[in-house]
Amino acid sequence: MNEEAVGRGLRRSGVPRDELFVTTKLWIQDAGYDRTLAAIQKSLDRLQLDYLDLYLIHQPFGDYYGAWRAMEESLRDGRVRAIGVSNFAPDRLMDLILHNEVVPAIDQVETNPFCQQVDAQDFMRREGVQLESWAPFAEGRNELFRNETLAAIAAQHGKSIAQVVLRWLVQRGVVAIPKSVHKPRIAENFAIWDFELTGDELDRIASLDTGCSLFFSHQDPEMVRQLGTRVLDI
Ligand SMILES: NC(=O)c1ccc[n+]([C@@H]2O[C@H](COP(=O)([O-])OP(=O)(O)OC[C@H]3O[C@@H](n4cnc5c(N)ncnc54)[C@H](OP(=O)(O)O)[C@@H]3O)[C@@H](O)[C@H]2O)c1
């Protein structure tokens, strides 16, 4: 729901297109072959772009097989450079891979120190799908920015908790898309390439895993109903 503003921002920034990586997503109401083709064009128009770097199916609901075929076509005609999914559990991902031509480049799922997605990542690695973390900081839930284990590791390296979390994700081979509206924090979140977490530190972070989402389960039928009937004004 921010494509128009992002499009204006990109245009005003003057940053060359090939230095940008732009991802956007398909909402459930636009699932299905024809609607997805139209949705991709609408996104391009709002973003004022000729192509997207990555296009994701936001949720594994509705006619996402039709959507995937439209996305494969958009990949072939160059309107999209890579296609992937979001919030797909391994079983849904496996089924999509089995019954289509293109393997999703990415599965964007909640991944943070309290919800580490270790088994899902193993599965994705075997199938050639890159795990991308949404909510890398758990959006601050569970007192992440005051967690004692993370704070101790951060102090050891003279880094912030945010930087330790991002470094941990990178060392695990997870793509992270941290969000901040503050310029100094955005810079801080990039400054993670001058230190390395030790094996012991990785083990201590591994012990924080609860194996559960801090948000909701995509397998909860009531959530599926709520999301599946939510019509976005886009
Ligand atoms: N696929 C999906 O279903 C899905 C679901 C949720 C989110 N996402 C995406 O995931 C990306 C990540 O965003 P997110 O909202 O989930 O949350 P997040 O990155 O886990 O957390 C964002 C929060 O952390 C704060 N923060 C960021 N950097 C910080 C720093 N260095 N120190 C202290 N606080 C810091 C931000 O505050 P300030 O902004 O005030 O700095 C904000 O409150 C976004 O692109 C979002 O669109 C995808």
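The values are calculated or read from the model by the stated rules, or taken from the named source; none is laboratory data. If you're wondering where the values come from, they're calculated on a predicted model, not measured in any experiment. Heads up, the Cβs are rebuilt from the backbone with ideal geometry, glycines too, and the neighbour counts pull from every protein chain shown. Quick note on the areas: whole protein, heavy atoms, side chains included, nothing else; ligands and nucleic acids left out. Shrake-Rupley method; radii C 1.70, N 1.55, O 1.52, S 1.80 Å.
Tabulated data
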| read-out | value |
| --- | --- |
| Cα shape, the stretch 93-221, gyration tensor, a/c 1.5 rule | prolate |
| Heavy atoms of Asp233: accessible area, 1.4 Å probe, square angstrom to 10 | 150 |
| Cα→Cβ-extended label distance, 7 Å offset, between Glu148 and Phe195, nm | 2.0 |
| Spacing of the two label points (7 Å from each Cα toward its C-beta) at Asp50 and Ser13, in nm | 1.9 |
| For the chain, built as a Gaussian network whose Cα springs stay under 10 Å, the top-fluctuating residue of Ala120, Ala138, Ala187 | Ala187 |
| Percent of beta bridges antiparallel (DSSP, the chain, rounded to nearest 5) | 5 |
| Residue-averaged 222 nm ellipticity for the chain, from DSSP H runs of 4+ at -39500 (n - 2.57), nearest 500 | -13000 deg cm²/dmol |
| Surface accessible to a 1.4 Å probe, Val118 within the full protein complex, Å² | 70 |
| Å² per residue, accessible surface of the chain at 1.4 Å | 53 |
| Low-density loop positions, GluC sites (Glu not before Pro), the stretch 144-206 - DSSP coil, at most 15 other Cβ in 10 Å | Glu196 |
| Prolate/oblate/rounded label for the stretch 1-156 (Cα gyration tensor, a/c 1.5) | oblate |
| Sulfur and carbon atoms: percent of accessible area, the stretch 68-227 [1.4 Å] | 52 |
| Largest to smallest principal axis extent of the C-alpha atoms in the stretch 147-201, angstrom | 32, 23, 20 |
| Loop-resident sites, the stretch 1-107, for GluC sites (Glu not before Pro), counting at most 15 other Cβ within 10 Å (DSSP) | Glu101 |
| Positive-pole candidate from Tyr51, Leu150, Pro104, dipole of the stretch 42-162, charges at beta carbon | Leu150 |
| Among Gly199, Trp168, Pro178 the positive-end extreme of the charge dipole of the stretch 132-215 (Cβ point charges) | Pro178 |
| Rounded Å value of the spacing that divides the Cα centres of the stretch 152-207 and the stretch 47-85 | 30 |
| FRET efficiency, Ala5 to Lys183 (Cβ-Cβ, R0 25 Å, nearest 0.05) | 0.90 |
